[in-house]
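For reference, the structure discussed in these notes is given below.
The values are calculated or read from the model by the stated rules, or taken from the named source; none is laboratory data. None of the values given here were measured: they were computed from a predicted structure. Note: ideal-geometry Cβ built from the backbone for every residue, glycine included; neighbour counts use all protein chains shown. Note: areas computed on protein heavy atoms with side chains; ligands, DNA, RNA excluded. Shrake-Rupley method; radii C 1.70, N 1.55, O 1.52, S 1.80 Å.
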Amino acid sequence: MADPATSRVQPDGATGVLVLADGTVIWGRGFGAIGSAVGEVCFNTAMTGYQEVMTDPSYAAQIVTFTFPHIGNVGANGEDIESHVEGAVGCVVREAVTPHSNFRAEQQFDEWMEKNGKIGLSGIDTRALTRRIRQSGAPNAVIAHAPDGKFDLPALIGRAQEWQGLEGMDLALRVTRDKDEKWGGGPWVLGTGYARAAWDNRPHVVAIDYGAKDNIFRNLVKAGARVTVVPAKTSLEAILALDPDGVFLSNGPGDPAATGEYAVPVIQALLERDIPLFGICLGHQMLALAAGAKTVKMHQGHRGANHPVQRVGESWGETRDLVEITSMNHGFAVDADSLPAGVEQTHVSLFDGSNCGIAISGKKAFGVQYHPEASPGPQDSFYLFEKFVRMLG
């Protein structure tokens, strides 16, 4: 007997659907924006921070399955947004979104989703969907919401099958800013919000925005830098004209090999000039590509706020083998076997042994695959921002 949740026969009351490229149809209750969107279905294991996840540009063209069953309980507010550009196109959750219960909430999560054009689907067996992703990989799919329950399934299936997927796709240009920005925000304080950044004689960091989360820039400020954020395709000459003490390479979505076509030559030129570099997530992958390594598409990716990462290599001294609990969001990884001579592996995932950090010998240049700015997630790795700023003199 077919599972009614995955049958093409629509159950009573179904106002939302997730249609996978292989023809699987998963019914549920729609919320948030009305319409349909195509993307890759992934899962995130974080118990908190769903608003930060949904506004992370690294989730562009992705549909997030939350494994924690109660999403929406703390509502939504204007302070927990990580960007004002494209993030996740939609999300899949187990329980219906209930009225919020948090003193910081400004509106219901489903209202926020609708206002921001993101489609939600509740009433889904998210454990079964997560197992499917783990076994078969992240599928292409269409998520749809229609209050009247009317769906054109053949058209939705065709759309999911026709979508090219994330491999070979440069999404950084879809989520980067269109002009330079003198970053003005500092750390968040309960009751007063975000502090203002100081622009004094601090070291100057030029941050290349491939799809950055705002909390990264706030952490650079907290560590003692002043920050100018520039678009992804900013030329070497324009970067040097800003007189940086160091250059930061941000996180972002899509296939790093595609973004690297224009990003890598700039990074290589910065390395030749011995300018200090620090990369996070996609920025880490850009640094690795610039150093001669390769990247690969992962089977299911790493997304959550509880990923253990171990320090490896001789450079750590007494803290070698120490484990950091980290926040992650990536579907591509640096191929550790492709690291050339002169590039040291500094961190590895304890889940699958994949590369999570590199340092380039003889250069003030390093990167990590995870998110030390925590948003959401643990704060074990803030030291990396301090390490980078200390390099700047």
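Okay, here's what the table says:
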{"quantity": "Any hit, the stretch 125-141, residues being free of Cβ contacts under 8 Å to residues at least 40 places away in the same chain and surrounded by 19 or more Cβ atoms within 10 Å (Cβ to Cβ)", "calculated": "yes"}
{"quantity": "Condition met for Tyr59 (in contact with a Gly (Cβ under 6 Å, 6 or more places away or on another chain), of a type in the set (Phe, Trp, Tyr) and closer than 30 Å to Gly186 by Cβ)", "calculated": "yes"}
{"quantity": "Residue ID - nearest to Gln285 (Cα to Cα), chosen from residues in the stretch 357-374 that are open to solvent by less than 20 Å² (accessible area, probe 1.4 Å) and part of a loop (DSSP other than H, G, I, E, B)", "calculated": "Gln369"}
{"quantity": "Single unsatisfied condition, Asp22 versus (1) surrounded by fewer than 19 Cβ atoms within 10 Å (Cβ to Cβ); (2) closer than 24 Å to Gly193 by Cα; (3) modelled with pLDDT of 95 or more", "calculated": "(2)"}
{"quantity": "Residue satisfying all of: in the stretch 243-265; aliphatic (A, V, I, L, M) and either buried (at least 21 other Cβ atoms within 10 Å of the Cβ) or in contact (Cβ under 8 Å) with a residue 60 or more places away in the chain (or both); nearest to Arg202 (Cα to Cα) among these", "calculated": "Val247"}
{"quantity": "Qualifying residue in the stretch 199-206 (condition: touching a residue at least 60 places away in the same chain (Cβ under 8 Å) and under 18 Å from Ser83 (Cβ atoms))", "calculated": "no"}
{"quantity": "Subset of the stretch 188-215 (residues that are part of a strand (DSSP E or B), surrounded by 13 or more Cβ atoms within 10 Å (Cβ to Cβ) and not aromatic (Phe, Trp, Tyr))", "calculated": "Ala195, His204, Val205, Val206, Ala207, Ile208, Asp209"}
{"quantity": "Residue check, Arg174 of a type in the set (D, E, K, R) and either touching a strand residue (DSSP E or B) at 6+ places or on another chain (Cβ under 8 Å) or crowded, with 20+ Cβ neighbours inside 10 Å (or both)", "calculated": "no"}
{"quantity": "Some residue of the stretch 74-81 being within 30 Å of Leu173 (Cβ to Cβ), surrounded by fewer than 20 Cβ atoms within 10 Å (Cβ to Cβ) and touching a Ser or Thr at 6+ places or on another chain (Cβ under 6 Å)", "calculated": "yes"}
{"quantity": "The one condition in (1) at positive phi; (2) within 21 Å of the chain's Cα centre (by Cα) that Gln310 fails to fulfil", "calculated": "(1)"}
{"quantity": "Residue in the stretch 293-309 that is in contact with a Leu (Cβ under 8 Å, 6 or more places away or on another chain), in a helix (DSSP H, G or I) and hydrophobic (A, V, I, L, M, F, W, C) present", "calculated": "no"}
{"quantity": "Evaluation of His70 against (1) open to solvent by less than 30 Å² (accessible area, probe 1.4 Å); (2) assigned to a loop (DSSP other than H, G, I, E, B); (3) not aromatic (Phe, Trp, Tyr) (one fails), failing number", "calculated": "(1)"}
{"quantity": "Residue count, the stretch 161-179 (criterion: part of a helix (DSSP H, G or I) and either over 22 Å from the mean Cα position of the chain (by Cα) or β-branched (Val, Ile, Thr) (or both))", "calculated": "3"}
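Residue-by-condition table, conditions (1) modelled with pLDDT under 95; (2) more than 29 Å from Glu52 (Cα to Cα); (3) over 18 Å from the mean Cα position of the chain (by Cα); (4) surrounded by 20 or more Cβ atoms within 10 Å (Cβ to Cβ):
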| residue | (1), (2), (3), (4) |
| --- | --- |
| Gly279 | no, no, no, yes |
| Gly283 | no, no, no, yes |
| His302 | no, no, no, yes |
| Ala305 | no, no, no, yes |
| Glu314 | yes, yes, yes, no |
| Thr326 | no, no, no, yes |
| Ser338 | no, yes, yes, no |
| Val343 | no, yes, yes, yes |
| Phe382 | no, no, no, no |
